[in-house]
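The structure under discussion appears below in the form of structure tokens.
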Amino acid sequence: MRIGSRFFALPRRARTRIALGAGLVVGGVLGFLPVLGFWMIPLGLLVLSRDLPTARRWRRSLVVRMERRGTKRPRPKERAEKQAAESD
């Protein structure tokens, strides 16, 4: 699985990936305990998104939103102001 520019190997068997993802989510729910943390919930959902269609849709919509946010397109009002300034 690739996150950003880094690649992380996941287990080959679907059952193992599902168990790992579910374990991370359950551990994240118990994040108030000293050893566990809330960071485990999104990581578990990311691992589960490999095998579960619902989690996969959630991940894809998040990736699309983040990519749209990264590309800054000028708003129509800003575009009109920029064109007016260039024509002066």
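The values are calculated or read from the model by the stated rules, or taken from the named source; none is laboratory data. Everything numeric in this text was worked out from a predicted model, so none of it was measured. A quick note on method: Cβ atoms are made from the backbone with ideal geometry, for glycine too, and the neighbour counts reach across all protein chains shown. In case anyone asks, the SASA skips ligands and DNA or RNA and just uses the protein heavy atoms, side chains included. Shrake-Rupley method; radii C 1.70, N 1.55, O 1.52, S 1.80 Å.
What accessible area per residue comes out for the chain, rounded to a whole number of Å², with a 1.4 Å probe?
Normalised by residue count, the accessible surface of the chain is 85 Å².
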**Q.** Helical contribution to [θ] at 222 nm, DSSP H n ≥ 4, -39,500 (n - 2.57), averaged over the chain, rounded to 500
**A.** -20000 deg cm²/dmol
(Q) Of M1, G27, M40, which is farthest towards the positive pole of segment 1-63's charge dipole, taken about the Cα centre with +1 and -1 on the beta-carbons of Lys, Arg and Asp, Glu respectively? (A) M1
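Would you mind classifying segment 20-72 by shape? Square roots of the alpha carbon gyration tensor eigenvalues, ordered a ≥ b ≥ c; an a/c under 1.5 is rounded, otherwise it is prolate if a/b is larger than b/c and oblate if not.
It comes out oblate by the Cα gyration axes.
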Q | Exposed chymotrypsin sites (Phe, Trp or Tyr not before Pro) absent: longest stretch of the chain, with sites in DSSP loops and at most 10 other Cβ within 10 Å deemed exposed | A | 33-88
Q. Roughly to the nearest percent, how much of the accessible area of the chain is carbon and sulfur, given a 1.4 Å probe?
A. 60 percent
Q. Taking a 1.4 Å probe, which of T54, T16 shows the most accessible area, and what order do the others take after it?
A. T54, T16
Q: Rounded to the nearest 0.05, what FRET efficiency do D51 and E81 give with R0 = 35 Å and r taken as the Cβ-Cβ distance? Could you check?
A: 0.10
Q: Using per-residue counts of other Cβ atoms within 10 Å, averaged over each peptide, order 18-27, 43-52 from highest down.
A: 43-52, 18-27
